[in-house]
Structure formats: structure tokens, C-alpha cells
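> Below: one structure in C-alpha cells.
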Amino acid sequence: MSSLVLTGGTVITPQETRFCDVFVDEGTISAVGADNDDSSLAADTFDVSDCYLTPGLIDLQINGGPQCNFWGDPTAKEVTALSDDLLQAGVTTILPTLITDDIAHLKKNIAFLKSLGAGTSSNSHSGKNPNKGAQKSFTKEPSGEQKYSGAMVRMPGIHLEGPCLSAQKPGVHPPQFIKPLSEELLEQIIDDSVKLITVAPETDATGKAVEYLIGKNIAVSLGHSNATFSEAQKAFDSGVKLVTHIYNALPAVHHRAPGAVMAALLDDSVTTAIICDGLHVAPEAVKLVLKTKSKDRVILVTDAAFIGTTGGGLVGSSITLNQAVKNVVKWGVASFAQAIQMATWNPAKAVGLQGYVGHLASGKMADIVAWDKNTLDIKHVFLGGRKVV
């Protein structure tokens, strides 16, 4: 893979926005700005004038899209089609999301996603240079007949949204498969491909199940929960540091009966994910979250699904993450730089991927999106230094 320099763009990172070049070598970023001693060695240049350069977007909750349904029995061809659509939208990393289901079917779909490369060894990686060789270790090679050609969105792990949810807050989850949170059940479905799990922590009577998950280095998120304020606080104190699609499938905010939403908003250690399609949550409610949590504790997700909102209900959303970014800017809720942080750096940190993606810095994967400065439309996408859009 040849070296590459992206010239003329305005780079947006969690720390700053500045006009500078980005240097890429062997799929990773070698330098940002004039601090690259080997800039003269760049074999190719690519002009991104009048563009913002950001990390590739990261969607922690995606159930599929019009061409692919992770909840059903997807094929490799369908996942590849979804990947193509996501890359067009600037999304370079996802956690494919499986909802509550029969345990046997959940295990089948986990195995299928693993065969496509979902899962990573980075959870257990140790050493002084975690990014050395990241291009190979971050995404496993697909196996057997599941091999594909062309670019493929990164799937460093799986998000299990269930089956340990509240029977009072099922949403679209099949109620017959919802079960209390227990270590015994988790042992049946958890392996090293699971990076994030949504649970109703109040159903874990002893707290042992949450302890088990944290011991496995799995990010635990409160969601589809009927937890009271005190029950949510107890979960946050025990290590649950995320909330899945805040407001949705949670007790409504009430001034005399504060529940999980208020507990999350008042706890500075908790990060909240939110669906910004304009249907799941009103823009004013999004603004309240940003005023309470700040840009550092909010994550944009799509919860996109095969049906989405096209059937007239809220069965997941029908947007892509770049649309969520544009929405919060259009609503005046956040600046573009803040929205990018909520769609890149914050999700990367939430599930332990910040050593690889979510930031434009030396040693990180060269997953880069070029946005038109005037329209915020996506003009180019680079995956591992390779132009894919």
C-alpha cells in the first residue's frame, strides 16, 4: 500500500480544528500537520481543499438497513450491500446489533457475524504500542465462503441489545424471549466478539451479572429498562456507564418520580446515546441532553433497522449517521465539530476503541471522511488509507 497525503483540508479532532495536511502510510496515519519528517516520501497526493477532514463515523447501534436485517437470517451478500451504503454515508466502523431473540437464534447470528470478521483481539491487547499492526488485528479476516471483495466497514465487535431487558419496556423486542439478567444466561451467549450489551440492570438482583460483564471487559449500557432513580444510580455506581437511546424505552421524565433518564443526566460519569432522526426524540429534548451532559458524554447512534420508520412506527430509525450529524447542526443543538466528536471519538472511547479509530492522529487507522464545508455533504471516504467513496 503506497503512502498518501491529503492536502488543503481543515482537520477536525476532539482537541482542535486546524488547516493542515494528513499523511498516511500503510493504512495508518503517520502524521497530521507539518510535524511529518517523511512528508517528502509520500507517493500520492489528494486535494481536499474546501473540505473538513474528520475520522470515519462510528455507529454503536445498527440493526441493519433496507437491504439487510441483522435480526433475521442475513446473508453475506446482504451485509456487503449494507456495508457499501454505510461507507457512502461516511460510516467506517459499526457494532452490528442483535435484539432479543431465542437463544439458539442469537448464537447462530453471533457465529454468522463472526464469520464475516466481527470481533477483535484489541480487548486483550497489551503493550507499549497498541497501534502497531492495528490494521491487521483490528478486524479479523472472514472465513470460508464468507470472503468478500472490495472495501468492508469495520466490525470490531457485536452489540447485544437484549435479551436481558425489562418486560415493562420491551419496545419492539419479542416479549416471549425477554429474560432477567443473570450470569448463567450470559454464559450461554457471551464470547470475545461481544463488545457492548444493553441490559435492564434492575433485573439483576444480586449484581453478579453486571460484575461478570465488566470482568469480561464488555461495555454495559442501561436500556429498555424500567429502573427507578435509585436503581439506575446503583447500576451506574457498579460500572454501567452508558445509556442506550436515552428517552426511548425508558420511564418518562417526571418531576415526582425521577427515573433512569434523570439519573443518567445528573451523573457526570455516564454517557448517553441518542437517536437524532427528529422522530425518536424532539430536537428540544436533544438540546436538554447536550446542556446537561456536554459534548463529551453524548453519542450519536442511528438504531437503523430493516423496517425503521418507513412502516409508520418507531421500529429503529431510517437514517444514517451522517444525517444525524447534519440534523444536530441544523437544529442548532451542536456545532459541526461537536457533532463529529459525538459520532467518532465518544463512541470509540465508550467501547475501548480509541487506540485505533475515532481520531485523526499519528498511529490511528486512516479512516477519514472529507465533507463539503458549505453543504456538509460527504465528498470522499478513505478506509485504511484507501479511497472507497
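The values are calculated or read from the model by the stated rules, or taken from the named source; none is laboratory data. Keep in mind that what you see is a predicted model, and the values were worked out from it rather than measured. With ideal geometry, Cβ positions are generated from the backbone for all residues, glycine too; neighbour counts draw on all protein chains shown. Accessible surface is based on the protein model in full, side chains and every heavy atom, while ligands, DNA and RNA are left aside. Shrake-Rupley method; radii C 1.70, N 1.55, O 1.52, S 1.80 Å.
> Out of (1) outside any strand (DSSP E or B); (2) under 30 Å from Ile29 (Cα atoms); (3) touching a helix residue (DSSP H, G or I) at 6+ places or on another chain (Cβ under 9 Å), the odd one out for Asp277 is which?
Just one mismatch for Asp277, condition (2).
> Could I ask something else about it? Is it the case that the range 196-209 has a residue that's among the hydrophobic types (A, V, I, L, M, F, W, C), modelled with pLDDT under 95 and open to solvent by 70 Å² or more (accessible area, probe 1.4 Å)?
Looking through the range 196-209, at least one residue is among the hydrophobic types (A, V, I, L, M, F, W, C), modelled with pLDDT under 95 and open to solvent by 70 Å² or more (accessible area, probe 1.4 Å).
> Answer yes or no as to whether Ser30 is surrounded by 21 or more Cβ atoms within 10 Å (Cβ to Cβ), at pLDDT below 95 and not in a helix (DSSP H, G or I).
yes
> Here is a further query. May I ask you to say which residue of Ser238, Ser317 is polar (S, T, N, Q) and closer than 23 Å to Asn217 by Cα?
Answer to the check: Ser238.
> What is the number of the single condition among (1) modelled with pLDDT under 95; (2) touching a helix residue (DSSP H, G or I) at 6+ places or on another chain (Cβ under 8 Å); (3) surrounded by 23 or more Cβ atoms within 10 Å (Cβ to Cβ) that Pro258 does not meet?
Single failed check for Pro258: (3).
> Checking the condition open to solvent by 30 Å² or more (accessible area, probe 1.4 Å) and modelled with pLDDT of 95 or more, which residue from Trp345, Trp371 passes?
Going through Trp345, Trp371 in turn, just one is open to solvent by 30 Å² or more (accessible area, probe 1.4 Å) and modelled with pLDDT of 95 or more: Trp345.
> State yes or no: is Val253 free of Cβ contacts under 8 Å to residues at least 60 places away in the same chain, surrounded by fewer than 17 Cβ atoms within 10 Å (Cβ to Cβ) and part of a loop (DSSP other than H, G, I, E, B)?
yes
For (1) at positive phi; (2) at pLDDT 95 or above; (3) among the charged types (D, E, K, R), each residue gets a yes or a no:
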position	(1), (2), (3)
Ile94	no, yes, no
Asp101	no, no, yes
Lys128	no, no, yes
Asn131	no, no, no
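> Find the residue count for the range 182-206, including only residues that are within 18 Å of Ala235 (Cα to Cα) and in contact with a Pro (Cβ under 7 Å, 6 or more places away or on another chain).
Qualifying residue count for the region: 1.
> Determine the pairs where a residue that is charged (D, E, K, R), located within the range 208-223, has a partner that is open to solvent by less than 10 Å² (accessible area, probe 1.4 Å) with Cβ atoms under 9 Å apart, the partner being 6 or more residues away or on another chain.
These pairs meet every condition: Lys216/Leu186; Lys216/Val194.
> With the checklist (1) crowded, with 24+ Cβ neighbours inside 10 Å; (2) out of contact with any Asp or Glu (no Cβ under 7 Å at 6 or more places or on another chain) in hand, flag the one item Ile275 doesn't pass.
It fails just one condition, (2).
> Continuing with this model, one more query. When both residues are 6+ apart or on different chains and their Cβ atoms are under 8 Å apart, which pairs have a first residue that lies in the range 283-302 and is closer than 14 Å to Ala339 by Cα and assigned to a helix (DSSP H, G or I), and a second that is among the charged types (D, E, K, R) and open to solvent by 60 Å² or more (accessible area, probe 1.4 Å)?
The qualifying pairs are Arg297/Asp268.
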